[in-house]
Structure formats: structure tokens, C-alpha cells
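Report on the structure given below.
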Amino acid sequence: MRTLITGIMLLLLLPNLAFAGQLWGPTDAGMTVKEVLHAVDGAYRVEDGGRLATTAIEEVRKDDVALAGEIFTQQFYFMNGQLTQVTFKLDDARDFETNLGLVEALTNDLREQYGEEADAETTQAGIMQKASVTWVEGNRKVRIFLMSMGQDSSLLKVNYQAYFGD
């Protein structure tokens with residue numbers, strides 16, 4: 001009977017063990033809000049954070065994080081109480097072409113860390129322009145995403161996501 005109970009307990013823990021994996025810096029997929037707040041210096045709780053298409057909710061944030069010489073806001077997204085994504089959102093709104101240079105700088109930095117990218121594309125459809133670069137490493141997907149719907153400003157994010165294949 002003891003073996004049966006131990007086996008059942010291991011099966012219940014398996015999804016959490018499989019989910020664990022480093023996302024960014026000191027954070028691991030599956031961490032709780034409290035664990036992220038403890039691990040990330042300067043991080044604070046967000047009451048009305050954004051929601052992703054995956055239903056993950058931003059619950060923790062850190063301001064003024066430098067990547068490739070630019071300032072980003074770091075956002076931590078949780079699903080079912082567990083960390084699933086860390087996003088860096090560029091604070092300075094600029095045009096697509098200017099940010100395309102930053103995508104190249106970020107790509108070079110990430111290429112040194114993760115090797116050659118799995119996918120990279122730049123597309124344009126009417127006024128919409130988009131660029132993305134993706135790496136897959138174990139149970140983590142890293143993606144640079146740039147999009148613009150006009151000429152004045154664009155959205156640039158770097159996402160670190162828990163990943164288990166398509």
C-alpha cells in the first residue's frame with residue numbers, strides 16, 4: 001500500500017517537475033509569485049496586469065531593465081499560479097526601422113547565448129510590418145517580436161516562454 005501511495009504522489013508531482021526549467025535569469029517556469037518576488041531584485045506585484053492569449057496574467061513587474069543598451073520593462077506572466085512567461089517590453093516608442101536595428105543587436109546577443117536561431121522573418125502587409133526571431137532550447141522558447149501598424153511607433157518585446165513543442 002505504501003508503494004502505491006508513493007507512486008500516486010510521484011505521478012501528481014510529475015507535471016510540476018516536467019514544467020520546471022529556467023526561463024530568464026533567476027526565474028524558473030513553475031515558480032510562484034512569491035518565489036519570483038523573492039528571486040528578482042526590484043520586482044513588485046502588479047494588480048491590473050495584462051492577459052496573454054494563453055490566459056496567463058501579468059502579476060509581477062520590474063522597471064528599468066537594460067538589454068542591448070536600451071531600457072525595458074520586465075513582465076512576469078502566471079497561469080494557474082505558476083510562472084509561464086517572462087517578457088521584456090521596450091519602454092521607448094520608436095518607428096519600425098529604428099527598432100529593426102535593435103532587433104539585430106538583440107539577435108546578436110541572443111545568438112551568442114543560444115546559438116543560431118530556429119526561425120527569423122520580416123514581413124510587410126499593407127501598413128503592418130513585423131519581424132521576429134526565435135530560439136528553442138529545451139523547454140524554453142525565446143522570441144524577439146517587433147510589430148508596427150503605421151510609421152510613428154512600433155511594439156518590441158523579447159519573450160521567454162515555457163515550451164513543450166507544437
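Please treat every number below as a calculation from the coordinates, not as lab data. Since the model is a prediction, treat every value here as computed from it, not as a measurement. Note: ideal-geometry Cβ built from the backbone for every residue, glycine included; neighbour counts use all protein chains shown.
Summary of computed values
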| item | result |
| --- | --- |
| Distance between modelled label sites at Glu137 and Asp41, nm, 7 Å Cα→Cβ extension | 2.2 |
| Under 20 Å between alpha carbons - lysine pairs in the chain that sit 8 or more apart or on different chains | 9 |
| Semi-axis lengths, Å, the range 69-110, gyration tensor of Cα atoms, sqrt of 5 times eigenvalues | 25, 12, 8 |
| Mean residue ellipticity (222 nm) of the chain, computed from DSSP H runs ≥ 4 via -39,500 (n - 2.57), nearest 500 | -8500 deg cm²/dmol |
| Surface/4 of the Cα convex hull for the chain, nm² | 11.6 |
| Given the chain, longest segment not containing exposed loop GluC sites (Glu not before Pro) (DSSP; at most 16 other Cβ within 10 Å) | 48-115 |
| Angle in degrees between helix 2-19 and the longest Cα principal axis of the chain, rounded to the nearest 10 | 10 |
| Unit charges at the beta carbon, dipole of the chain: most positive-side option, Met31, Met149, Gly49 | Met31 |
